[in-house]
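Derivation of every value follows stated rules applied to the coordinates shown; laboratory data play no part. Being a predicted model, the structure only gives us computed values, none of them experimental. Backbone-built Cβ (ideal geometry, glycine too); neighbour counts: all protein chains shown.
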Amino acid sequence: MSFTLIGKHEKDSRANRDGYVSAMQEMMAENDKLVHIDCDLMGCINTGKLQKEFPNQTFNAGIAEQNAMGVAAGMAATGLTVFAHSFGCFAARRMFDQAFLSAGYSELPVHVIGSDPGVCAAFNGATHMPFEDCALYMTIPNAVVIDSCDYVQTYSLTKQLAKSANPSYMRLIRKGFTTVYADGSEFEIGKGVTLRDGTDVTIIASGILVDEALKAEEQLAAKGISARVIDMHTWKPLDEELVLKAAKETGAIVTAENHQVSCGLGSAVANVLTQKCLVPQERIGIQNRFGQVGPQDFLMEQYNLTAADIVAAAEKAIARKA
């Protein structure tokens with residue numbers, strides 16, 4: 001694992017979905033046992049490129065997500081490594097029974113990609129806004145669950161997943177995103193990344209909240225508060241060693257996620273802290289609410305997912321240390 005942090009809070013000219021597509025193009029060219037299944041959303045995630053270049057390895061299951069998962073598991077049972085995509089709401093809520101039994105229980109390498117998670121669904125609105133997608137997949141005993149933050153991380157983790165024998169779920173932003181890492185950065189499943197060191201509080205974030213955490217660190221530094229920032233891209237298996245190190249060294253934790261706080265990254269971190277190192281924890285995320293329609297920036301303010309919210313949570317967690 002090696003990475004170079006950019007952290008300039010600038011939008012990338014590329015679409016994040018192409019981090020996935022580029023990785024798949026390279027791997028499919030080398031491995032004819034790697035396949036992609038889509039649910040009539042090839043135009044949305046740009047996997048039409050895969051269908052054009054690798055027609056024998058790319059399949060459109062139509063608007064039939066449960067069937068797509070059954071097909072994916074059947075293919076995996078024959079020795080293929082299968083990636084299957086739909087919007088996060090369908091990849092989780094609609095596919096889940098088949099994912100749990102056909103892929104999870106059967107211990108098959110089916111890697112589900114859920115695009116536009118949480119507030120990233122934006123104008124697709126409440127029905128397409130999954131705040132619980134990771135929670136569902138985290139209940140599968142042998143599953144890997146990932147929340148990637150940018151093009152480079154998506155590219156790297158897609159390649160890592162293709163080597164994994166475990167079923168998995170990775171959520172990713174489709175289009176606009178903020179660049180966090182330089183090209184060539186590599187990541188390891190189950191290993192968080194410390195982006196900023198600090199002594200007063202640790203912010204553990206993933207996905208679109210990583211850049212907000214970096215902004216929060218800068219704002220806290222201006223107030224004389226030293227914040228550590230960790231990108232916990234893998235929620236399961238969680239990097240418990242890194243969580244405990246941060247808890248012991250900084251004494252306060254803030255988790256930040258584009259997901260329901262009661263059943264996601266924050267709860268996974270809390271499970272570790274309550275058992276092994278009890279320190280104050282504050283959680284930034286969706287507080288028991290449904291989705292709504294609007295631009296992503298507006299929604300992040302509505303659901304208190306901004307750098308300012310992380311700063312306030314950090315100050316609260318530090319005050320609780322006393």
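Can you compute the charge dipole magnitude of the range 107-193 about its Cα centre, using +1 on each Lys and Arg Cβ and -1 on each Asp and Glu Cβ, nothing else charged? Give it in debye, rounded to the nearest 20.
Value, rounded to 20: 120 debye.
If you take the square roots of the eigenvalues of the alpha-carbon gyration tensor of the range 195-269 and sort them as a ≥ b ≥ c, do you get rounded (a/c under 1.5), prolate (a/b over b/c) or oblate?
oblate
Three principal axis extents, largest first, for the C-alpha atoms of the range 125-227, in Å?
Taking max minus min along each principal axis of the Cα atoms, the range 125-227 gives 45, 35, 29 Å.
Could you sort 282-293, 140-151 so that the peptide with the highest average Cβ count within 10 Å comes first and the rest follow in order?
So the order, starting with the most tightly packed, is 140-151, 282-293.
Which links in Lys175/Lys236; Lys52/Lys191; Lys175/Lys245; Lys8/Lys245 stretch past 30 Å when you go from one Cα to the other?
Correct reply: Lys52/Lys191; Lys175/Lys245.
Using +1 on the beta carbon of Lys and Arg, -1 on that of Asp and Glu, and nothing else charged, what's the dipole of the range 141-241 about the Cα centre, debye to 20?
In debye, rounded to 20, the range 141-241 gives about 380.
Output the peptides 24-30, 213-219 sorted from most to least packed, where packing is the average of other Cβ atoms within 10 Å over each peptide's residues.
213-219, 24-30
Using helices alone, what [θ] at 222 nm do you get for the chain, with -39,500 (n - 2.57) per DSSP H run of 4 or more residues, divided over all residues and rounded to the nearest 500?
The helix-only estimate for the chain comes to -10500 deg cm²/dmol at 222 nm.
What is the list of residues in the range 250-264 whose amide nitrogen lies under 19 Å from a point 7 angstrom out from the Cα of Gln292, following Cα to Cβ?
258-261
Given Cβ point charges of +1 (Lys, Arg) and -1 (Asp, Glu) and nothing else, what value in debye, to the nearest 20, does the dipole of the range 198-316 about its Cα centre take?
For this selection, approximately 360 debye.
Starting from 0.36 nm per residue, how many nanometres of slack lie between Gln275 and Ala222 once their C-alpha separation is accounted for?
Answer, rounded to one decimal: 15.7 nm.
Does anyone have the angle between helix 151-162 and the longest principal axis of the chain? Alpha-carbon axes, 0 to 90°, nearest 10?
60
With a 10 Å radius around each residue's Cβ, average the other Cβ atoms per peptide and rank 171-177, 202-208, 236-242, 128-134, highest first.
202-208, 128-134, 171-177, 236-242
Tell me which of Tyr303, Gln219, His36 sits at the most positive position along the dipole axis of the chain, charges placed on C-beta atoms (Lys, Arg +1; Asp, Glu -1).
Highest projection toward the positive end goes to Tyr303.
With each pseudo-label sitting 7 Å past Cα toward Cβ, what's the Thr139-Gln25 distance in nm, one decimal?
Placing both labels 7 Å along Cα→Cβ, they lie 3.9 nm apart.
In terms of the Cα gyration tensor, with a ≥ b ≥ c the square roots of its eigenvalues, is the range 1-135 rounded because a/c is under 1.5, prolate because a/b exceeds b/c, or oblate?
Oblate.
For Ala308 and Leu101, compute 0.36 nm times the residue count separating them, minus their Cα-Cα distance, and round to one decimal in nm.
Gain on stretching Ala308 to Leu101: 70.4 nm.
Working only with C-alpha atoms, what are the Rg and Dmax values of the chain, expressed in angstrom?
Radius of gyration, then largest Cα-Cα span, for the chain: 18.8, 62 Å.
Which FRET efficiency value, to the nearest 0.05, is calculated for Ser13 and Lys316 with the Förster distance at 51 angstrom and r the Cβ-Cβ distance?
Computed FRET efficiency for Ser13 and Lys316 comes out at 0.85.
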